[in-house]
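Let me begin by presenting the structure, written as C-alpha coordinates, before commenting on it.
The values are calculated or read from the model by the stated rules, or taken from the named source; none is laboratory data. This is a predicted model, so every value here is computed, not measured. Using ideal geometry, Cβ is built from the backbone for each residue, glycine included, and neighbour counts are taken over all protein chains shown.
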Amino acid sequence: MNTDTDSATTHALRPGAGHPRQPYLTARLQGFGTTIFTEMTRLAIEHKAINLGQGFPNFDGPDFVKQAAREAIERGENQYCRMAGHPELVTAIAEHQARFYGLRYDPMSEITVFSGATEAIFATLQALCEVGDEIVMFEPYYDSYRASVAMAGATPRYVTLRAPDFSYDRGELERAITQKTRAILLNTPHNPTGKVFSKDELEHIAALARKHDILVITDEVYEHIVFDGEHIPLAGLPGMRERTVQISSSGKTFSFTGWKVGHTCASPELSAAIRCAHQFVTFCTATPLQVGIAAAYRAPDEYFSTLTRDYRALRDRLCDGLAGIGLTVLRPAGTYFVLTDIRALGYHSDVEFCRMLPQEIGVAAIPPSAFYTQSDDGAHLVRWAFCKTAETIDAALARLQQLKKA
Ligand code: PMP
Ligand code: GLN
(Lines give C-alpha, C1' and ligand atoms only; values in the text may rest on other atoms or scores of the structure.)
(Ligands and ions follow the chains in the order given, each with its own letter.)
Protein backbone atom coordinates (compact mmCIF):
# COMPACT_ATOMS: atom_id res chain seq x y z
CA MET A 1 0.00 0.00 0.00
CA ASN A 2 1.20 3.48 -0.73
CA THR A 3 1.31 5.46 2.51
CA ASP A 4 3.39 8.33 1.21
CA THR A 5 2.50 11.44 3.16
CA ASP A 6 5.71 13.35 2.55
CA SER A 7 5.76 16.63 0.76
CA ALA A 8 8.68 18.24 -1.00
CA THR A 9 6.80 21.48 -0.48
CA THR A 10 3.35 22.37 0.71
CA HIS A 11 1.43 21.94 -2.52
CA ALA A 12 1.79 21.67 -6.26
CA LEU A 13 -0.98 21.74 -8.77
CA ARG A 14 -0.07 23.75 -11.80
CA PRO A 15 3.58 23.77 -12.83
CA GLY A 16 5.29 26.98 -11.86
CA ALA A 17 2.06 28.66 -10.79
CA GLY A 18 1.86 30.11 -7.30
CA HIS A 19 4.41 27.87 -5.64
CA PRO A 20 6.17 29.49 -2.71
CA ARG A 21 9.86 30.10 -3.33
CA GLN A 22 11.89 27.38 -1.64
CA PRO A 23 14.99 28.36 0.26
CA TYR A 24 17.97 26.14 -0.72
CA LEU A 25 16.34 24.88 -3.94
CA THR A 26 18.16 25.72 -7.17
CA ALA A 27 16.60 28.06 -9.71
CA ARG A 28 16.29 25.06 -12.04
CA LEU A 29 13.81 23.38 -9.71
CA GLN A 30 11.93 26.37 -8.33
CA GLY A 31 8.24 26.07 -9.09
CA PHE A 32 8.10 22.28 -9.31
CA GLY A 33 6.61 21.83 -5.85
CA THR A 34 5.41 18.37 -4.84
CA THR A 35 4.23 15.93 -7.49
CA ILE A 36 0.51 15.81 -8.00
CA PHE A 37 0.58 12.07 -7.25
CA THR A 38 1.99 12.59 -3.77
CA GLU A 39 -0.39 15.46 -3.18
CA MET A 40 -3.52 13.50 -4.11
CA THR A 41 -2.44 10.27 -2.39
CA ARG A 42 -1.85 12.32 0.76
CA LEU A 43 -5.41 13.67 0.56
CA ALA A 44 -6.74 10.15 -0.08
CA ILE A 45 -5.01 8.81 3.04
CA GLU A 46 -6.05 11.79 5.15
CA HIS A 47 -9.73 11.37 4.24
CA LYS A 48 -9.75 7.56 3.90
CA ALA A 49 -10.79 8.05 0.29
CA ILE A 50 -10.68 5.38 -2.43
CA ASN A 51 -7.60 6.26 -4.46
CA LEU A 52 -8.31 6.38 -8.20
CA GLY A 53 -5.59 9.03 -8.47
CA GLN A 54 -2.02 7.74 -8.48
CA GLY A 55 -1.49 5.00 -11.05
CA PHE A 56 -0.52 1.97 -9.00
CA PRO A 57 -2.43 -1.32 -9.02
CA ASN A 58 -4.07 -2.27 -5.71
CA PHE A 59 -3.23 -5.90 -6.47
CA ASP A 60 0.08 -7.74 -6.82
CA GLY A 61 1.79 -8.95 -9.95
CA PRO A 62 2.19 -12.69 -10.70
CA ASP A 63 3.53 -15.15 -8.12
CA PHE A 64 6.14 -16.65 -10.44
CA VAL A 65 7.83 -13.25 -10.65
CA LYS A 66 7.89 -12.86 -6.87
CA GLN A 67 9.19 -16.42 -6.57
CA ALA A 68 12.04 -15.74 -9.00
CA ALA A 69 13.09 -12.68 -6.96
CA ARG A 70 12.85 -14.60 -3.69
CA GLU A 71 15.02 -17.40 -5.11
CA ALA A 72 17.59 -14.84 -6.29
CA ILE A 73 17.79 -13.44 -2.75
CA GLU A 74 18.11 -16.94 -1.27
CA ARG A 75 20.94 -17.97 -3.58
CA GLY A 76 22.86 -14.83 -2.73
CA GLU A 77 22.26 -12.48 -5.67
CA ASN A 78 22.39 -9.59 -3.26
CA GLN A 79 25.39 -7.49 -4.28
CA TYR A 80 25.81 -4.88 -7.01
CA CYS A 81 25.28 -6.40 -10.40
CA ARG A 82 26.51 -5.40 -13.84
CA MET A 83 26.08 -1.63 -14.16
CA ALA A 84 24.15 -1.81 -17.45
CA GLY A 85 21.83 -4.56 -16.26
CA HIS A 86 21.76 -8.15 -15.07
CA PRO A 87 22.68 -10.44 -18.01
CA GLU A 88 19.52 -12.50 -17.44
CA LEU A 89 17.29 -9.46 -17.60
CA VAL A 90 18.83 -7.77 -20.64
CA THR A 91 18.64 -11.12 -22.46
CA ALA A 92 14.98 -11.55 -21.50
CA ILE A 93 14.21 -7.99 -22.69
CA ALA A 94 15.93 -8.68 -26.03
CA GLU A 95 13.80 -11.83 -26.45
CA HIS A 96 10.65 -9.85 -25.59
CA GLN A 97 11.49 -7.18 -28.21
CA ALA A 98 11.96 -9.86 -30.86
CA ARG A 99 8.83 -11.80 -29.83
CA PHE A 100 6.39 -8.86 -29.84
CA TYR A 101 7.87 -6.40 -32.35
CA GLY A 102 10.43 -8.28 -34.42
CA LEU A 103 13.04 -5.77 -33.17
CA ARG A 104 16.55 -7.17 -32.66
CA TYR A 105 18.67 -5.56 -29.94
CA ASP A 106 22.00 -6.83 -28.70
CA PRO A 107 21.42 -7.40 -24.97
CA MET A 108 24.92 -6.41 -23.90
CA SER A 109 25.55 -3.28 -25.95
CA GLU A 110 22.04 -1.99 -26.67
CA ILE A 111 19.86 -2.69 -23.62
CA THR A 112 20.34 -0.87 -20.30
CA VAL A 113 18.43 -1.37 -17.04
CA PHE A 114 17.41 1.56 -14.81
CA SER A 115 15.58 2.11 -11.55
CA GLY A 116 12.31 2.68 -13.36
CA ALA A 117 11.42 4.53 -16.53
CA THR A 118 11.76 7.71 -14.50
CA GLU A 119 15.48 7.19 -14.09
CA ALA A 120 15.79 6.09 -17.72
CA ILE A 121 14.22 9.38 -18.88
CA PHE A 122 16.37 11.41 -16.49
CA ALA A 123 19.64 9.68 -17.44
CA THR A 124 18.82 9.85 -21.17
CA LEU A 125 18.22 13.60 -21.03
CA GLN A 126 21.32 14.14 -18.85
CA ALA A 127 23.41 12.21 -21.34
CA LEU A 128 22.08 13.65 -24.58
CA CYS A 129 21.29 17.32 -23.91
CA GLU A 130 23.69 20.22 -23.95
CA VAL A 131 22.61 23.19 -21.84
CA GLY A 132 20.26 25.25 -24.01
CA ASP A 133 19.12 22.37 -26.24
CA GLU A 134 15.39 22.11 -26.82
CA ILE A 135 13.19 19.08 -26.20
CA VAL A 136 9.86 18.95 -28.00
CA MET A 137 7.11 17.16 -26.07
CA PHE A 138 3.37 16.77 -26.29
CA GLU A 139 1.18 18.14 -23.54
CA PRO A 140 -0.40 16.88 -21.39
CA TYR A 141 2.91 15.22 -20.45
CA TYR A 142 4.02 12.82 -17.75
CA ASP A 143 5.15 15.13 -14.97
CA SER A 144 8.75 13.96 -14.67
CA TYR A 145 9.57 15.05 -18.25
CA ARG A 146 9.49 18.74 -17.51
CA ALA A 147 11.61 18.37 -14.38
CA SER A 148 14.14 16.08 -16.09
CA VAL A 149 14.46 18.50 -18.99
CA ALA A 150 15.02 21.35 -16.52
CA MET A 151 17.63 19.38 -14.54
CA ALA A 152 19.48 18.69 -17.80
CA GLY A 153 19.61 22.44 -18.47
CA ALA A 154 17.48 22.02 -21.59
CA THR A 155 14.33 23.91 -22.60
CA PRO A 156 10.95 22.27 -23.23
CA ARG A 157 8.80 23.15 -26.26
CA TYR A 158 5.20 22.01 -26.11
CA VAL A 159 2.72 20.76 -28.67
CA THR A 160 -0.82 20.38 -27.30
CA LEU A 161 -2.90 17.26 -27.87
CA ARG A 162 -6.52 18.37 -28.34
CA ALA A 163 -9.62 16.60 -27.01
CA PRO A 164 -11.71 14.67 -27.83
CA ASP A 165 -9.31 12.43 -29.78
CA PHE A 166 -6.11 14.12 -28.57
CA SER A 167 -4.71 14.53 -32.04
CA TYR A 168 -2.08 17.20 -32.67
CA ASP A 169 -1.76 19.92 -35.27
CA ARG A 170 0.98 18.84 -37.65
CA GLY A 171 1.97 22.44 -38.38
CA GLU A 172 2.32 23.09 -34.64
CA LEU A 173 4.74 20.18 -34.28
CA GLU A 174 6.71 21.28 -37.34
CA ARG A 175 6.98 24.83 -35.98
CA ALA A 176 8.10 23.57 -32.56
CA ILE A 177 11.26 22.13 -34.13
CA THR A 178 14.10 24.66 -34.33
CA GLN A 179 17.87 24.71 -34.85
CA LYS A 180 18.22 23.97 -31.13
CA THR A 181 16.00 20.87 -31.04
CA ARG A 182 17.86 17.86 -29.72
CA ALA A 183 14.98 15.40 -29.45
CA ILE A 184 11.24 14.79 -29.50
CA LEU A 185 10.01 13.09 -26.33
CA LEU A 186 7.03 10.92 -27.21
CA ASN A 187 4.80 8.88 -24.93
CA THR A 188 2.61 6.20 -26.51
CA PRO A 189 0.29 4.75 -25.20
CA HIS A 190 -0.14 8.14 -23.62
CA ASN A 191 -0.64 9.08 -19.99
CA PRO A 192 -3.01 10.77 -19.09
CA THR A 193 -5.14 10.80 -22.28
CA GLY A 194 -5.05 7.07 -23.09
CA LYS A 195 -4.21 7.97 -26.70
CA VAL A 196 -2.36 5.38 -28.78
CA PHE A 197 -0.46 7.21 -31.53
CA SER A 198 -1.46 5.91 -34.97
CA LYS A 199 0.94 4.60 -37.59
CA ASP A 200 0.25 7.71 -39.63
CA GLU A 201 1.16 10.03 -36.75
CA LEU A 202 4.28 8.02 -35.96
CA GLU A 203 5.34 8.19 -39.59
CA HIS A 204 4.93 11.97 -39.49
CA ILE A 205 7.05 12.24 -36.34
CA ALA A 206 9.67 9.88 -37.81
CA ALA A 207 9.84 11.88 -41.05
CA LEU A 208 10.46 15.08 -39.07
CA ALA A 209 13.17 13.42 -36.99
CA ARG A 210 14.94 12.21 -40.13
CA LYS A 211 14.55 15.52 -41.94
CA HIS A 212 15.94 17.60 -39.07
CA ASP A 213 18.40 14.94 -37.91
CA ILE A 214 17.06 14.84 -34.36
CA LEU A 215 16.62 12.06 -31.84
CA VAL A 216 13.36 10.64 -30.52
CA ILE A 217 12.98 9.40 -26.95
CA THR A 218 9.93 7.14 -26.71
CA ASP A 219 8.24 6.34 -23.41
CA GLU A 220 6.38 3.09 -24.03
CA VAL A 221 5.69 2.00 -20.45
CA TYR A 222 2.06 1.11 -21.32
CA GLU A 223 3.10 -0.93 -24.38
CA HIS A 224 0.98 -3.93 -23.33
CA ILE A 225 -2.10 -2.02 -22.19
CA VAL A 226 -3.77 -1.27 -25.53
CA PHE A 227 -7.48 -1.86 -26.21
CA ASP A 228 -8.09 -0.21 -29.59
CA GLY A 229 -5.51 -0.10 -32.36
CA GLU A 230 -2.04 -1.47 -31.77
CA HIS A 231 1.13 -0.32 -30.12
CA ILE A 232 3.78 0.44 -32.72
CA PRO A 233 7.32 1.08 -31.49
CA LEU A 234 8.70 4.08 -33.38
CA ALA A 235 12.10 2.40 -33.51
CA GLY A 236 10.65 -0.11 -35.98
CA LEU A 237 9.96 2.54 -38.65
CA PRO A 238 12.49 3.03 -41.46
CA GLY A 239 15.61 4.92 -40.43
CA MET A 240 14.45 5.26 -36.82
CA ARG A 241 16.26 2.51 -34.96
CA GLU A 242 19.55 4.42 -34.86
CA ARG A 243 17.97 7.67 -33.69
CA THR A 244 15.47 6.35 -31.13
CA VAL A 245 15.90 5.69 -27.42
CA GLN A 246 13.05 3.36 -26.56
CA ILE A 247 12.09 3.36 -22.88
CA SER A 248 9.83 0.94 -21.03
CA SER A 249 9.18 -0.25 -17.50
CA SER A 250 8.18 -3.51 -15.92
CA GLY A 251 6.06 -1.64 -13.38
CA LYS A 252 2.99 -1.35 -15.61
CA THR A 253 3.21 -4.61 -17.55
CA PHE A 254 3.75 -6.78 -14.47
CA SER A 255 2.00 -4.71 -11.77
CA PHE A 256 5.09 -4.18 -9.64
CA THR A 257 5.33 -0.38 -9.74
CA GLY A 258 7.25 -0.36 -6.45
CA TRP A 259 10.06 -2.51 -7.83
CA LYS A 260 11.14 0.29 -10.17
CA VAL A 261 12.81 -1.76 -12.89
CA GLY A 262 12.87 -0.01 -16.28
CA HIS A 263 15.06 -0.12 -19.36
CA THR A 264 16.18 1.53 -22.59
CA CYS A 265 16.86 -0.01 -26.00
CA ALA A 266 19.10 2.07 -28.24
CA SER A 267 22.07 1.82 -30.60
CA PRO A 268 25.46 1.01 -29.00
CA GLU A 269 26.55 4.65 -29.38
CA LEU A 270 23.41 6.07 -27.75
CA SER A 271 23.50 3.37 -25.07
CA ALA A 272 27.12 4.17 -24.22
CA ALA A 273 26.19 7.81 -23.69
CA ILE A 274 23.17 6.97 -21.54
CA ARG A 275 25.17 4.47 -19.47
CA CYS A 276 27.69 7.20 -18.72
CA ALA A 277 24.92 9.10 -16.92
CA HIS A 278 23.29 6.02 -15.37
CA GLN A 279 26.53 4.88 -13.71
CA PHE A 280 26.59 8.07 -11.65
CA VAL A 281 22.87 8.26 -10.87
CA THR A 282 22.22 4.79 -9.42
CA PHE A 283 25.07 2.69 -10.89
CA CYS A 284 22.84 -0.40 -10.89
CA THR A 285 19.27 -1.38 -10.12
CA ALA A 286 18.31 -3.81 -7.29
CA THR A 287 19.86 -7.16 -8.29
CA PRO A 288 17.23 -9.71 -7.14
CA LEU A 289 14.40 -7.62 -8.54
CA GLN A 290 16.11 -7.67 -11.95
CA VAL A 291 16.15 -11.47 -11.78
CA GLY A 292 12.43 -11.48 -10.93
CA ILE A 293 11.66 -9.21 -13.86
CA ALA A 294 13.74 -11.39 -16.19
CA ALA A 295 11.26 -14.21 -15.43
CA ALA A 296 8.42 -11.77 -16.06
CA TYR A 297 9.59 -10.81 -19.58
CA ARG A 298 9.74 -14.52 -20.39
CA ALA A 299 6.07 -15.03 -19.46
CA PRO A 300 3.98 -16.90 -22.03
CA ASP A 301 1.95 -14.87 -24.57
CA GLU A 302 -1.16 -15.66 -22.58
CA TYR A 303 0.06 -13.54 -19.65
CA PHE A 304 0.15 -10.44 -21.87
CA SER A 305 -3.22 -11.10 -23.56
CA THR A 306 -4.86 -11.70 -20.17
CA LEU A 307 -3.44 -8.41 -18.86
CA THR A 308 -5.04 -6.52 -21.75
CA ARG A 309 -8.32 -8.43 -21.45
CA ASP A 310 -8.57 -7.78 -17.71
CA TYR A 311 -7.77 -4.08 -18.07
CA ARG A 312 -10.29 -3.75 -20.89
CA ALA A 313 -13.02 -5.05 -18.56
CA LEU A 314 -11.91 -2.62 -15.82
CA ARG A 315 -11.81 0.24 -18.33
CA ASP A 316 -15.36 -0.47 -19.44
CA ARG A 317 -16.57 -0.86 -15.86
CA LEU A 318 -15.16 2.50 -14.79
CA CYS A 319 -16.02 4.36 -18.02
CA ASP A 320 -19.62 3.13 -18.03
CA GLY A 321 -19.99 3.99 -14.36
CA LEU A 322 -18.56 7.50 -14.80
CA ALA A 323 -20.81 8.11 -17.81
CA GLY A 324 -23.79 6.96 -15.72
CA ILE A 325 -22.98 9.68 -13.18
CA GLY A 326 -23.16 12.28 -15.96
CA LEU A 327 -19.48 12.88 -16.69
CA THR A 328 -18.37 13.10 -20.32
CA VAL A 329 -16.02 10.14 -20.73
CA LEU A 330 -13.10 10.30 -23.17
CA ARG A 331 -12.73 6.54 -23.46
CA PRO A 332 -9.01 5.61 -23.64
CA ALA A 333 -7.53 3.37 -26.35
CA GLY A 334 -4.70 2.39 -24.01
CA THR A 335 -3.09 2.82 -20.53
CA TYR A 336 -5.01 2.39 -17.28
CA PHE A 337 -6.29 5.95 -17.08
CA VAL A 338 -9.44 7.65 -18.29
CA LEU A 339 -10.06 11.37 -18.64
CA THR A 340 -13.52 12.82 -18.12
CA ASP A 341 -14.84 16.28 -18.87
CA ILE A 342 -16.37 17.65 -15.66
CA ARG A 343 -18.30 20.54 -17.20
CA ALA A 344 -21.42 18.44 -17.74
CA LEU A 345 -21.71 18.26 -13.94
CA GLY A 346 -21.25 22.02 -13.61
CA TYR A 347 -17.57 22.06 -12.57
CA HIS A 348 -14.95 24.21 -14.27
CA SER A 349 -11.77 23.74 -12.23
CA ASP A 350 -10.07 20.34 -12.10
CA VAL A 351 -7.98 21.48 -9.15
CA GLU A 352 -10.95 22.58 -7.06
CA PHE A 353 -12.85 19.43 -8.02
CA CYS A 354 -9.97 17.09 -7.08
CA ARG A 355 -9.32 18.90 -3.81
CA MET A 356 -13.00 18.65 -2.86
CA LEU A 357 -13.44 15.01 -3.90
CA PRO A 358 -11.52 13.06 -1.19
CA GLN A 359 -13.14 14.91 1.69
CA GLU A 360 -16.66 15.38 0.34
CA ILE A 361 -17.14 12.21 -1.70
CA GLY A 362 -14.42 9.85 -0.41
CA VAL A 363 -12.66 9.29 -3.75
CA ALA A 364 -9.34 10.67 -5.04
CA ALA A 365 -8.52 11.52 -8.68
CA ILE A 366 -5.87 13.57 -10.50
CA PRO A 367 -6.30 17.12 -11.88
CA PRO A 368 -4.60 17.09 -15.29
CA SER A 369 -3.71 20.80 -15.17
CA ALA A 370 -0.51 19.54 -13.55
CA PHE A 371 0.44 18.05 -16.94
CA TYR A 372 -0.10 21.20 -19.04
CA THR A 373 2.08 24.29 -19.37
CA GLN A 374 0.94 26.27 -22.40
CA SER A 375 -2.75 25.41 -22.58
CA ASP A 376 -5.62 25.57 -20.06
CA ASP A 377 -7.25 22.48 -21.54
CA GLY A 378 -6.64 20.48 -18.36
CA ALA A 379 -8.88 22.73 -16.24
CA HIS A 380 -12.09 20.93 -17.22
CA LEU A 381 -10.68 17.40 -17.23
CA VAL A 382 -10.15 14.87 -14.44
CA ARG A 383 -8.05 11.67 -14.62
CA TRP A 384 -9.24 8.43 -13.01
CA ALA A 385 -7.12 5.26 -12.71
CA PHE A 386 -8.64 1.81 -13.28
CA CYS A 387 -5.63 -0.30 -12.22
CA LYS A 388 -7.82 -1.29 -9.27
CA THR A 389 -9.92 -4.35 -8.49
CA ALA A 390 -13.51 -4.44 -9.74
CA GLU A 391 -14.67 -4.20 -6.10
CA THR A 392 -12.65 -1.01 -5.57
CA ILE A 393 -14.00 0.53 -8.77
CA ASP A 394 -17.56 -0.36 -7.78
CA ALA A 395 -17.09 1.07 -4.30
CA ALA A 396 -15.71 4.32 -5.78
CA LEU A 397 -18.59 4.53 -8.27
CA ALA A 398 -21.10 4.02 -5.46
CA ARG A 399 -19.61 7.01 -3.62
CA LEU A 400 -19.46 9.09 -6.78
CA GLN A 401 -23.24 8.75 -7.24
CA GLN A 402 -23.45 11.73 -4.88
CA LEU A 403 -22.14 13.90 -7.73
CA LYS A 404 -25.18 13.14 -9.88
CA LYS A 405 -27.22 16.19 -10.67
CA ALA A 406 -30.66 16.04 -9.05
N1 PMP B 1 6.23 7.29 -17.97
C2 PMP B 1 4.89 7.30 -17.86
C3 PMP B 1 4.07 7.76 -19.00
C4 PMP B 1 4.27 6.89 -16.69
O5 PMP B 1 2.95 6.93 -16.58
C6 PMP B 1 5.08 6.45 -15.63
C7 PMP B 1 4.34 6.01 -14.41
N8 PMP B 1 4.73 5.78 -13.39
C9 PMP B 1 6.48 6.45 -15.78
C10 PMP B 1 7.01 6.89 -16.97
C11 PMP B 1 7.40 6.05 -14.69
O12 PMP B 1 7.64 4.70 -14.66
P13 PMP B 1 8.52 4.04 -13.49
O14 PMP B 1 7.61 3.84 -12.33
O15 PMP B 1 9.01 2.79 -14.08
O16 PMP B 1 9.62 4.98 -13.17
N1 GLN C 1 2.81 7.03 -13.25
C2 GLN C 1 1.91 7.14 -12.16
C3 GLN C 1 0.70 7.94 -12.59
O4 GLN C 1 0.69 8.53 -13.64
C5 GLN C 1 2.47 7.78 -10.93
C6 GLN C 1 3.92 7.72 -10.66
C7 GLN C 1 4.33 8.57 -9.51
O8 GLN C 1 3.65 8.66 -8.51
N9 GLN C 1 5.42 9.24 -9.64
O10 GLN C 1 -0.23 7.98 -11.85
* Structure fact -> Taking the range 214-245 and keeping only residues that are in a strand (DSSP E or B), within 13 Å of the chain's Cα centre (by Cα) and without any contact (Cβ under 8 Å) to a residue 40 or more places away in the chain, one is left with Thr218
* the range 315-329: number of residues that are surrounded by fewer than 19 Cβ atoms within 10 Å (Cβ to Cβ) and either of a type outside the set (Val, Ile, Thr) or more than 24 Å from the chain's Cα centre (by Cα) (or both) -> 7
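Residue by residue, here is whether (1) in contact with a Ser or Thr (Cβ under 8 Å, 6 or more places away or on another chain); (2) closer than 30 Å to Ile366 by Cβ holds:
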position: Gly33; (1), (2): yes, yes
position: Phe37; (1), (2): no, yes
position: Gln54; (1), (2): yes, yes
position: Phe59; (1), (2): yes, yes
position: Ile73; (1), (2): no, no
* Structure fact -> Exactly one of Ala49, Ala98, Ala94 is surrounded by 21 or more Cβ atoms within 10 Å (Cβ to Cβ) and either away from ligand 2 (no atom under 16 Å from the Cβ) or more than 30 Å from Gly153 (Cα to Cα) (or both), and that residue is Ala49
* When you look at Gly61, is it touching a Cys at 6+ places or on another chain (Cβ under 8 Å), within 15 Å of ligand 1 (Cβ to nearest atom) and assigned to a loop (DSSP other than H, G, I, E, B), yes or no? -> no
* Asked: Mind checking which pairs have a first residue in the range 55-66 that is within 29 Å of Glu39 (Cα to Cα) and a second that is in a helix (DSSP H, G or I), Cβ under 6 Å, 6 or more apart or different chains?
  -> Phe56/Thr257; Asn58/Thr392
* Structure fact -> Counted residues in the range 333-379 being within 16 Å of ligand 2 (Cβ to nearest atom), part of a helix (DSSP H, G or I), at pLDDT 95 or above and among the aliphatic types (A, V, I, L, M) come to 1
* To do: May I ask you to verify whether Val382 is within 17 Å of the chain's Cα centre (by Cα), assigned to a strand (DSSP E or B) and of a type in the set (Val, Ile, Thr)?
  => yes
* Asked: Taking the stated definitions as given, is Ala120 in contact with a Phe, Trp or Tyr (Cβ under 8 Å, 6 or more places away or on another chain), farther than 30 Å from Leu318 by Cα, surrounded by 22 or more Cβ atoms within 10 Å (Cβ to Cβ) and not charged (D, E, K, R)?
  -> yes
* To do: Examine the range 139-162 for a residue that is over 25 Å from Ser267 (Cα atoms), in contact with a Gly (Cβ under 7 Å, 6 or more places away or on another chain), within 13 Å of ligand 1 (Cβ to nearest atom) and at pLDDT 95 or above, and state whether such a residue exists.
  => yes
* Asked: In the range 343-360, what residues are among the hydrophobic types (A, V, I, L, M, F, W, C) and surrounded by fewer than 24 Cβ atoms within 10 Å (Cβ to Cβ)?
  -> Ala344, Leu345, Val351, Phe353, Met356
